[in-house]
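Notes to accompany the following structure.
What follows is calculated from the coordinates using simple rules that are stated; it is not laboratory data. Keep in mind it's a predicted model, so treat the numbers as computed, not measured. Ideal geometry is used to build each Cβ from the backbone, glycine not excepted, and the neighbour counts take in all protein chains shown.
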Amino acid sequence: MSLSLSSRHEWVRKSELRAMSVECERVGGVNLSQGVCDLAVPEPVVRAAKDAIDRGDNSYSRHDGTASLRRALAEKYNRRAGLDVDPESNVVVTAGATGALYCSCLALLEPGDEVILFEPYYSYHESTLLATEAVPVFISTKAPDWSFSLEDLENAVSEKTKAIIVNTPSNPSGKVWTRSELEMIADFCTRHDLFVFTDEIYEHFVFDDLEHISVASLPGMWQRTITMSGLSKTFSITGWRIGYAVCDAKWAKAIGNFSDLIYVCAPTPLQLGAAAGVAQLDDEYFVKLAAKYRRKREILCGALDKVGLTPCVPQGAYYVLADVTSLPGNNSKERAMYLLQQTGVASVPGESFFKGEAGKGLVRFCFAKEDEVIEDACRRLGSIQGKQVRAAG
Ligand code: PLP
C-alpha cells in the first residue's frame, strides 16, 4: 500500500478565486475577485467582541450558539419575516453560512440524493453538495433576468430529488427572487415533498426598492425550509466565521449535532459581538448599508459600460457579471487574466459559476470595497479601451 489522497479529495473543486488573488498580489493590482468586504465593522459589534474577550468570555459556547445571539436572531426573524422562531430549538449558530450548508447537507441528505441548483451558482454550493455525496442537478438561467419556468423545475426533478437550493439575492447574478418565483418554488417543493435550502446571506443588499422575501415566510414553507445566513457580509466580518441555520426543531437538532462534531462552536466572543450588532442595529443601519452599496454598484457598472464590458446590473448582493467577449482569449479565465495583466484589476472567470458554456464570456467583479478602491479599479479599467483599439488596429 502506498500513501495516497482519498478519492474524496477530487470532489472539492479548487477555487479559481484563490488563483486570481495570488496573481493579483503578484502584479500589485486591485482585487475585485473574492467576495471579501473591506469596509469598517460597525462599532457596537467591535466593542461587544472586545469587551467579551476582555471579560474572559473565551471558552466554548453552547454548541448551537450563545443565548444572546440565538435570541437576537430569533427576534429578528420574527419581526422581519413574521415567523415564530424559538431561540432554544430553531436556531443553530454555525461557522459561517458555509458551515450551515455543510451541516444541513450532512444532516438531511443521503449519498446519491439529488439537489436542484440554479446556474449560475455560488461554487461552494456545488462543492458542498459534492463533498457530502449529494448530486447537483442544474437548471440554467440567463441574463438579464435569470428567470426560470415551472417546466424547468419539473424537468429537473426525479424520484431521487430531495432538495432545492435557493440563493436570494444571488451570488453571482445579483438576482432578487420575486414573490411569484418563490411561490412557484413553494408549490413545487410541496408537491414533490422537497427541502428548500435557502441561502439569504445578502438579504440586506437589495437595491431599487425591491423586496427581499424569506422563503420560510411563505405559507406552509416553514416545515421544509432551512434558512441559512450569516453576518460575514452585513457586518463586514468575513473572517469571524459567524453564520446560522434557522429551521424546524426536527432538523435543527441534527444540524446542530454535526456543527458540534465539526466545529464544536463558532468563536464565542465573536458571537457576542455579532449578537450586539443584530440586537442593536436598527432598520436605518440596513437601509443606509443598501444605499451605500447601490452607489458602489453605480460607479462600477458605469465604468464597465464605458469600456464596453457590458455589465448585467445586479438587483442585489455585491457582485456584477460583465460581458468580456470583446477581450482576447478563448475562455473567461484567459480573458480575466488578460484584464488583470493589462489593467491590474482582478475578477473571477465566469466559468466558475456555470456548468455549460455561458460562463466563457463573463467575469465577476465584487464591489464590496471602499469607494477609493472602486474608483482606482474604474480608472484602471478605463485604460483597456485604448489598448483594445490599439490591439485591433
Ligand atoms: N453564501 C453565499 C451566497 C456567498 O456568496 C458567500 C460568500 O461569498 C457565503 C455564503 C459565505 O458565507 P460565510 O462567510 O457566512 O460562510
Original post:
Given the Cα-Cα distance of residue 88 and residue 155 and 0.36 nm per residue of separation, how much length would full extension add, in nm?
Top reply: 20.2 nm
**OP:** Starting from the amide H of residue 37, placed 1.01 Å from N in the peptide plane, find each other amide H under 5 Å away whose residue is 5 or more places distant or on another chain.
**Re:** 238
Original post:
Going by how many other beta carbons lie within 10 Å of each one, how would you line up 54, 199, fewest first?
Top reply: 54, 199
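Order the peptides 36-46, 139-149 from the highest to the lowest mean number of other Cβ atoms within 10 Å of their residues. Before the final figure, lay out each step's value.
On the way: 36-46: 16.5, 139-149: 14.6.
Averaged packing, sorted descending, gives the order 36-46, 139-149.
Sort largest first and round to whole Å: the equivalent ellipsoid semi-axes of the stretch 340-381, each the square root of five times a Cα gyration tensor eigenvalue.
Values: eigenvalues 111, 27, 8 Å².
Working from the Cα gyration tensor, I get semi-axes of 24, 12, 6 Å.
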Subject >> Helix axis angle, 332-343 relative to the chain longest principal axis, alpha carbon, degrees >> reply: 60
Original post:
Which aspartates and glutamates, on any chain, are close to residue 253 with Cα under 15 Å apart, when same-chain ones fewer than 8 places away are left out?
Top reply: 64, 86, 88
Subject >> Size of electric dipole in the stretch 43-281: Cβ of Lys, Arg +1 and of Asp, Glu -1, about Cα centre, debye, nearest 20 >> reply: 820
Original post:
Tell me, what HN-Hα J-couplings in whole Hz come from the Karplus equation 6.51 cos²θ - 1.76 cosθ + 1.60 at θ = phi - 60° for each residue of the stretch 50-65, using x for Gly and Pro?
Top reply: 4, 4, 5, 5, 4, 6, x, 7, 10, 9, 4, 9, 3, 4, 9, x
**OP:** Step through the residues of the stretch 361-377 one at a time and calculate ³J(HN,Hα) from phi using the Karplus curve (6.51 cos²θ - 1.76 cosθ + 1.60, θ = phi - 60°), rounding each to whole Hz and writing x for Gly and Pro.
**Re:** x, 10, 10, 10, 10, 9, 10, 7, 10, 4, 4, 4, 5, 5, 5, 4, 4
**OP:** Please give every one of the lysines within straight-line cross-link reach of residue 250, meaning a C-alpha to C-alpha distance under 20 Å, and leave out same-chain neighbours fewer than 8 residues apart.
**Re:** 162
Subject >> Relative packing of 81-87, 276-282, which averages over residues the other C-beta atoms within 10 Å, highest first >> reply: 276-282, 81-87
Original post:
Once the Cα atoms of helix 67-81 and of the chain are each reduced to a long axis, what angle between those two axes, in degrees from 0 to 90 to the nearest 10, is obtained?
Top reply: 70
**OP:** Taking amide H positions as placed in the peptide plane 1.01 Å from N, state which residues far from residue 319 in sequence (5 or more) or on other chains have amide H under 5 Å from it.
**Re:** 367
**OP:** Give me the angle, in degrees from 0 to 90, between the Cα long axis of helix 283-306 and the longest principal axis of the Cα atoms of the chain, rounded to the nearest 10.
**Re:** 20
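How large is the Kirkwood hydrodynamic radius of the chain, counting all unique pairs of alpha carbons, in Å? Write out the running numbers ahead of the final one.
Numbers: mean 1/r = 0.0462 Å⁻¹.
When all Cα pairs of the chain are included, the Kirkwood radius is 21.7 Å.
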Original post:
Mind checking which lysines have their C-alpha under 22 Å from residue 50, skipping anything on the same chain fewer than 8 residues away?
Top reply: 233
Original post:
Amide H to amide H under 5 Å from residue 167: which residues, 5+ apart in sequence or cross-chain, H placed 1.01 Å off N in plane?
Top reply: 199
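Please sort 183-193, 166-176, 65-75 by packing, taking for each peptide the average over its residues of neighbouring beta carbons within 10 angstrom, highest first. If you can, show how the numbers build up before the last one.
Working: 183-193: 16.8, 166-176: 25.5, 65-75: 21.2.
Put in order of decreasing packing, that is 166-176, 65-75, 183-193.
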Subject >> Cα gyration tensor shape for the stretch 295-393, rounded if a/c is under 1.5, else prolate or oblate >> reply: oblate
Original post:
Just for the chain, what percent of DSSP beta bridges are antiparallel, to the closest 5?
Top reply: 45
